[in-house]
1. Out of all DSSP beta bridges in the chain, what portion is antiparallel? Express it as a percent rounded to 5.
2. Leaving ligands and nucleic acids out of the surface, order Phe325, Phe110 by accessible area at 1.4 Å, largest first.
3. In Å², what does the accessible area per residue of the range 173-287 work out to with a 1.4 Å probe?
4. Could you compute the net charge surrounding Gly288? Neighbours are other residues with a C-beta less than 15 Å from the C-beta of Gly288; K and R count +1, D and E count -1.
5. Measure off 7 Å from each Cα along the Cα-to-Cβ vector at Asp123 and Ser317, then give the distance between these two points in nanometres to one decimal.
6. Which stretch or stretches of the range 217-249 have amide N atoms under 11 Å from the point lying 7 Å from Thr273's Cα along the Cα→Cβ direction?
7. Please list, in chain and number order, the residues 5+ apart from Val276 or on another chain whose amide H is under 5 Å from its amide H, with Hs placed from the backbone.
8. When a/c is below 1.5 the answer is rounded, else prolate if a/b is larger than b/c, else oblate, so apply that to the range 27-106 with a ≥ b ≥ c taken from the square roots of the Cα gyration tensor eigenvalues.
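The values are calculated or read from the model by the stated rules, or taken from the named source; none is laboratory data. Quantities reported herein were computed from a predicted structural model and do not represent experimental measurements. Neighbour counts run over all protein chains shown; Cβ positions are idealised from the backbone, glycine included. Heads up: the accessible areas ignore ligands, DNA and RNA and are worked out on the full protein's heavy atoms, side chains in. Shrake-Rupley method; radii C 1.70, N 1.55, O 1.52, S 1.80 Å.
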Amino acid sequence: MPVIFKRKRKATGLTAAVSELQEGVAARDGDRTERAFAAVMEGVPAASDAERVPAGPLLAALIPAFPPTGPRPMLAMAAGYCVERGADPLACAEPILGGVHQDLLDALEFARRWTATGAAEEDLPAADEEIIDDALLARLGSDADEALRLVLAWCAIEEWQPPALAVLCRSTEVRRRYAAALLPACRELAALQRHDLTCLAHALAVLDDESLVVLHRPTGTGFEVRIGGIGDNFQLHTLLAHVLIGGGHVPGERPSAESVRLATDPEPAQGRTGAVATGAFELLAPDGERIWNEGLPDDIPVVEGRRLLVLDEPTYSRSWNADRFFPHLPGAAELARVLTADEARTWFARTSLGGTAPGQPS
């Protein structure tokens with residue numbers, strides 16, 4: 001789904017507008033920069049993809065040159081839209097995600113100062129620029145520029161989410177390089193319940209080339225399954241059923257071909273589909289606690305250096321829409337190997353099931 005600029009307009013010279021913006025920024029000419037910025041914002045949605053592809057990295061590279069209190073999220077959105085239209089996500093990632101990271105930290109600092117200077121029962125404010133006034137800025141500290149930066153970060157952090165998703169969902173290498181550093185701050189800010197950062201948190205938590213130890217409790221068998229690009233446990237559930245049931249390794253009803261295609265196809269579905277996936281397992285942590293389909297593969301606990309998941313018989317029938325969480329991010333799961341009986345017993349011993357897996361001699 002496009003980040004912004006959904007209306008088609010008459011083509012303009014995006015290349016010239018980007019060049020003018022670069023020159024205005026380099027010359028520190030505020031009026032020239034402002035005019036060129038407006039031309040870029042007008043030009044990006046009207047340009048051809050042939051123009052957007054080279055423009056994306058050039059626009060992203062300008063983000064750090066704009067002041068923290070300037071229109072950096074809008075510039076990031078323009079670069080992110082170019083990524084959606086074919087620009088290199090890796091070439092655009094560092095400036096976009098660097099801006100995301102700084103505003104996450106600044107938003108958290110805003111929350112810390114707000115809480116430290118208010119009454120105990122006072123709630124954090126809504127993320128709305130209408131809250132900004134002299135009294136609020138004074139409350140955040142004596143440095144007016146810093147105070148403005150913090151409150152603007154608090155108000156604008158959700159604007160960074162679309163361009164961040166544009167680069168994160170289109171490159172494994174981008175996620176490998178940048179996601180781990182941003183995820184803790186994203187989750188900490190989301191926990192304050194004043195911003196909807198669900199999509200950003202999910203994208204930052206995506207596992208790539210991750211090996212799972214998967215134990216099937218009803219048969220006492222174990223498997224090593226390698227996964228990547230999976231946006232939530234609904235998608236994981238479908239792909240585990242495809243690999244294990246569809247591969248003839250455990251009993252059960254294999255998922256439909258359409259639900260597997262929707263989970264894995266590099267080409268995203270065009271809008272929502274009516275395809276349904278059906279639950280084949282109960283997903284459990286090693287201590288027996290349920291791992292929810294609404295959760296993430298990142299929720300699977302690590303035991304002895306490996307993520308360990310237990311599959312049990314489903315406690316009730318369930319189904320869900322088979323569309324994946326991130327349309328532009330295809331998931332993958334493949335069986336690396338079947339564990340030997342001794343290996344399965346060893347892994348079962350590390351769960352709340354004790355040392356003997358069902359179906360195996362003690």
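1. Numbers: 22 of 27 bridges.
Here the share of antiparallel DSSP bridges comes out near 80 percent.
2. Phe325, Phe110
3. Values: 4720 Å² over 115 residues.
Per residue, the range 173-287 has 41 Å² of solvent-accessible surface.
4. On the way: positive: Arg217, Arg290, Arg350; negative: Glu282, Asp287, Glu289, Asp299, Asp312, Glu313.
For residues surrounding Gly288, the net value is -3.
5. Placing both labels 7 Å beyond Cα along the Cβ direction yields 4.2 nm.
6. none
7. Here Ala322 satisfy the definition.
8. Working: a/c = 2.06, a/b = 1.12, b/c = 1.85.
Since a/c reaches 1.5 but b/c is at least a/b, the shape of the range 27-106 is classed as oblate.
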